[in-house]
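A short write-up of the structure that comes next.
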Amino acid sequence: MLVLMLLIGAGTTAADTTLNERLTALLGPRDAVMVAAPDGNPVVAVRPDALLVPASILKVVTALATLHHLGPEHRFITDFHLDGDNRLAIKGYGDPLLVSERVAAMAAELAGRLERIDGLVLDDTYFDQPLTIPGRGGSARAYDAPNGALCVNFNTFFFERRNGAWASAEPQTPLLPFMIDAIEASGLTSGRITIAGNRHEMLRYTGELFEHFLRDAGVATAGTIAPGLLDTDLHTLLWRHRSEHPLTKIIADLLEFSNNFIANQLLLAMGAQVHGPPATMEKGVAVLQHYYTQHLGITTGTLVEASGLSRHNRVSARTMLHVLARFQPHHHLMRQEGRQWYKTGTLQGVSTRVGYLESEAGGLYRFAVLCNTPGRTTDRIMQLLERNLR
């Protein structure tokens, strides 16, 4: 756990008193609001330094730190090697967007380089296992998906019952033996299943998906699917795949879909980049701490993971405005509605929203709204801000 102390000043002398009073009437005792004008001067501030649970607005912090450490054009790689037994060895480096469509395209590329394989060896050792993500439970919900260096489809799949048989509910994803076993073990009749965090299950899912698409592409497959450690002295590099998606695309998806799996994949990738593999949560959070203290100058709050899922995370509205000032060149990566670019956060009893509101002159107000009072949401507060900030 990281405890950070704020170095930003506490004054809001330029705040609009009338708007402050109207906002205060909408806020509960554990809520906070702060807004800065396009010129950077504070417009309103109610409890700007209260340390509150941020929920998913923390992903903006993660995005900013990742852009700094990996670079906006960073592309994740996946390595493919052949060993002396003609087994295809796949080494993952944490690509968070390794989905069925991309696995199919990778298999098609591999089909032009080999005709047959006698087994699959899956190397996920770039990330440590097991990984404990603070706030992540063991539910079947997508936000509880586990992390790893070689994962497909965010470690989830969607299924249904069709004509008396199990079927994939996503046309791009085939029904795999692993999926049938997981469906029957779940007792569900349809819906989404999230892998519970067992390394063997994660790798089985990945291996079966690659095997399926390799066969579809015309590669003869035999042998087993097994975890293993890639030895560059014994394995011949067949192909290094570089993702077609730069980091900016991944961050846009992170902010659009609020994907916890992506957030913590990025945290782990930063940890391995800065401190060396294998990636651990401790290394990733240490990178965030260094970025906060050395690059943002922020020293209050608590960060324990990257997605905002943990209730032990704490930030202030003033901190988030400081983060938004740094993120402003990338604000177009956020979701847009009307003249607002924003990121929301929701946990039980928590409703948060941060972002930018375009002025009539084309400038950007920065806003942070954190509601930790049960039953309060950001909706009426944002309506008031939209009406008054022109």
Would you list the strands (runs of 3 or more DSSP E) that sit entirely within the stretch 274-370 and hold 3 or more residues that are surrounded by 21 or more Cβ atoms within 10 Å (Cβ to Cβ)? 340-347, 350-358
Selection count, the stretch 250-279, where residues are in contact with a helix residue (DSSP H, G or I) (Cβ under 9 Å, 6 or more places away or on another chain) and free of Cβ contacts under 8 Å to residues at least 24 places away in the same chain: 3
The stretch 195-224 residues that are without any contact (Cβ under 8 Å) to a residue 24 or more places away in the chain, paired with ones that are crowded, with 16+ Cβ neighbours inside 10 Å (beta carbon under 7 Å, 6 or more apart): Glu201/Ile195; Arg215/Thr221
Is it the case that some residue within the stretch 254-262 is farther than 22 Å from Tyr292 by Cβ and surrounded by fewer than 20 Cβ atoms within 10 Å (Cβ to Cβ)? yes
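I need the full set of residues from the stretch 29-45 which are more than 30 Å from the chain's Cα centre (by Cα) and under 19 Å from Leu384 (Cβ atoms), in order please.
Pro29, Pro42, Val43, Val44
Every residue, every condition in (1) in the same structural domain as Phe261 (by TED's automatic domain parsing); (2) among the basic types (Lys, Arg); (3) modelled with pLDDT of 95 or more; (4) farther than 19 Å from Asp49 by Cβ, yes or no:
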site	(1), (2), (3), (4)
Thr300	yes, no, no, no
Ala317	yes, no, yes, no
His331	yes, no, yes, yes
Met334	yes, no, yes, yes
Glu358	yes, no, yes, yes
Tyr365	yes, no, yes, yes
Ala368	yes, no, yes, no
Leu384	yes, no, no, yes
Let me confirm something: among Leu120, Leu58, Leu23, which residue is within 30 Å of Glu208 (Cβ to Cβ), hydrophobic (A, V, I, L, M, F, W, C) and either in contact (Cβ under 8 Å) with a residue 60 or more places away in the chain or assigned by TED's automatic domain parsing to the domain that holds Ser316 (or both)? Leu120
Would you tally the residues in the stretch 182-218 being hydrophobic (A, V, I, L, M, F, W, C), under 26 Å from the mean Cα position of the chain (by Cα) and not in a helix (DSSP H, G or I)? 3
Strands (runs of 3 or more DSSP E) enclosed by the stretch 38-102 - at least 1 residues per element that are within 18 Å of Arg318 (Cβ to Cβ): 42-46
Can you say whether Lys249 is among the charged types (D, E, K, R), modelled with pLDDT of 95 or more and farther than 25 Å from Thr302 by Cα, as far as the supplied structure shows? yes
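The values are calculated or read from the model by the stated rules, or taken from the named source; none is laboratory data. From a predicted model like this one, the values you see are computed outputs, not experimental measurements. Methodologically, a virtual Cβ is constructed for each residue, glycine included, from the backbone with ideal geometry; neighbour enumeration extends over all protein chains shown.
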